[in-house]
1. Can you report the number of residues in the range 40-82 which are under 21 Å from LYS248 (Cα atoms) and in contact with a strand residue (DSSP E or B) (Cβ under 8 Å, 6 or more places away or on another chain)?
2. Mind counting the residues in the range 239-258 that are assigned to a helix (DSSP H, G or I) and in contact (Cβ under 8 Å) with a residue 40 or more places away in the chain?
3. Return yes or no: is GLU283 surrounded by fewer than 14 Cβ atoms within 10 Å (Cβ to Cβ), in contact (Cβ under 8 Å) with a residue 40 or more places away in the chain and either more than 16 Å from ligand 2 (Cβ to nearest atom) or of a type in the set (Lys, Arg) (or both)?
4. Restricting attention to the range 1-43, which residues are of a type in the set (Gly, Ala, Ser) and part of a helix (DSSP H, G or I)?
5. Can you pull out every residue in the range 207-234 that is small (Gly, Ala, Ser) and under 24 Å from TYR78 (Cα atoms)?
6. Checking the structure you have, find out if any residue of the range 114-127 is touching a residue at least 24 places away in the same chain (Cβ under 8 Å), among the hydroxyl-bearing types (Ser, Thr, Tyr) and assigned to a helix (DSSP H, G or I).
7. Go through the range 319-343 residue by residue and tally those that are within 16 Å of ligand 1 (Cβ to nearest atom) and either of a type in the set (Asp, Glu) or assigned to a helix (DSSP H, G or I) (or both).
Amino acid sequence: MIYSDFNGIKLSRLGFGCMRFAMDPATGKIDQAKVNEMFDLAIANGVNYFDTAYPYLGGNSEISVAEALKKYPRDSYYLADKFPGHSLPGPVDNVALFNVSLRKCETDYFDFYLLHNINEWSVKIYESEEYHIIPDILKLKEEGKIRHLGFSFHGGPELLEYFLNKYEGMFEFVQIQCNYLDWTLQNAKRKYEIITEHGLGVWVMEPCRGGKLAVLSEENSAKLKAFRPDASDASFAFRYLQGLDNIKMILSGMNEVFQVEDNLATFKEYAPLTEAELAALNEIAESLKQSVPCTKCRYCCAGCPMGLDIPYLIECYNDLKYAATATATVRIDGLDEDKRPAACIGCGQCSHACPQGIDVPAVLAELAELYANGPKWSVEAKPRHEAILKDLGNK
Ligand code: SF4
Ligand code: SF4
């Protein structure tokens, strides 16, 4: 196992993401025997970091993780959990909710704890004095119930910069979606740079983009097989990330034993990508995208009568066009209604100003439609609101 040094702590570079365990078809519940087997295999080969979250698997991931880890001494592994500020039904007893997670995980402290899913919409909740999340979490840290504090992030670079500046010195690490596709598609490159400039560690989620980079098209896979015939597509995605020095933790959501075995082989020793392999990955990334080539020069913005942040909206478009998920639409949820794509009146000023010749009104019209028909965070959050109220005794 290759390890990283994070503020004097030896972390396995591969962490076990616990969001996607296999379900037992007979019971419809988590296949606990398989989870135990995967954890045992991972631990025997040096993995020492396990990442769960309050809402994962309908609240059952925490319970399953505790079950699989209970035979190991508590100080032999690092346990990470997350505070679901993005899913709250309103201001709640934050400490009571934190204690629900402690109880489910059968522990009295978390080694690593994250504010879950900060984005342009949820940031208002995390910052809110009424919700009182950050002061309560800091108090738990003072009490030793949280050893290292970070946050997971799904927004754009501007928000990341703003949040880190506002809470300078409070966090030690930031978890972002990063892989060789999102390096450019979600501008993970800039986010990596911002986190590094702030002296914090980068944690990576979705290293294979929800599995999409683990199972490439036959044509793209063949390009990689030409270098290493026996290597999996996923191994290239992981080796790409291993080459970025400030990535301290790479979380892989493993749900089958063969994935654990394959990942352990990839993380056994550091094997940097060759220049030719890197070029092939960049070529594959380009082939997967249908991006509008906005350079963010902002020449179009000054003359927009509606005051739209056009490059921001195009960034949302590129992400949504690739995969219409709630984490993509949520960045638009965070805008005032008169700044969303449907506010564009189609005057065409922006297209005349654009050196890239982008037909901005057409892009925004399509984005308005994608957004209107796409998944909505507020809708998805409702079952989570109910779960939180239930866990807090309907307080
Ligand atoms: S076409 Fe839309 S985005 Fe472009 S300047 Fe006019 S209102 Fe703004
Ligand atoms: S002028 Fe064109 S390239 Fe520049 S920010 Fe606007 S849309 Fe993007």
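Throughout, read-outs are computed from the coordinates displayed, never taken from laboratory work. Computed from a prediction, not measured in an experiment: that's the story for all the values here. With ideal geometry, Cβ positions are generated from the backbone for all residues, glycine too; neighbour counts draw on all protein chains shown.
1. 15
2. 4
3. yes
4. Selection gives ALA33, ALA42.
5. GLY210 - this is the single residue of the range 207-234 that is small (Gly, Ala, Ser) and under 24 Å from TYR78 (Cα atoms).
6. Within the range 114-127, one or more residues are touching a residue at least 24 places away in the same chain (Cβ under 8 Å), among the hydroxyl-bearing types (Ser, Thr, Tyr) and assigned to a helix (DSSP H, G or I).
7. Within the range 319-343, the first condition is being within 16 Å of ligand 1 (Cβ to nearest atom), and the residues that meet it are 332, 335-343.
Next, from what is left, pick out any that are either of a type in the set (Asp, Glu) or assigned to a helix (DSSP H, G or I) (or both): 332, 336-339, 341-343.
Number satisfying all stated conditions: 8.
Condition check ((1) away from ligand 2 (no atom under 13 Å from the Cβ); (2) closer than 18 Å to GLU315 by Cα; (3) of a type outside the set (Asp, Glu); (4) surrounded by 13 or more Cβ atoms within 10 Å (Cβ to Cβ)) across all residues:
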site: ALA342; (1), (2), (3), (4): yes, yes, yes, yes
site: PRO355; (1), (2), (3), (4): no, yes, yes, no
site: ASP359; (1), (2), (3), (4): no, yes, no, yes
site: LEU367; (1), (2), (3), (4): no, yes, yes, yes
site: GLY374; (1), (2), (3), (4): yes, yes, yes, yes
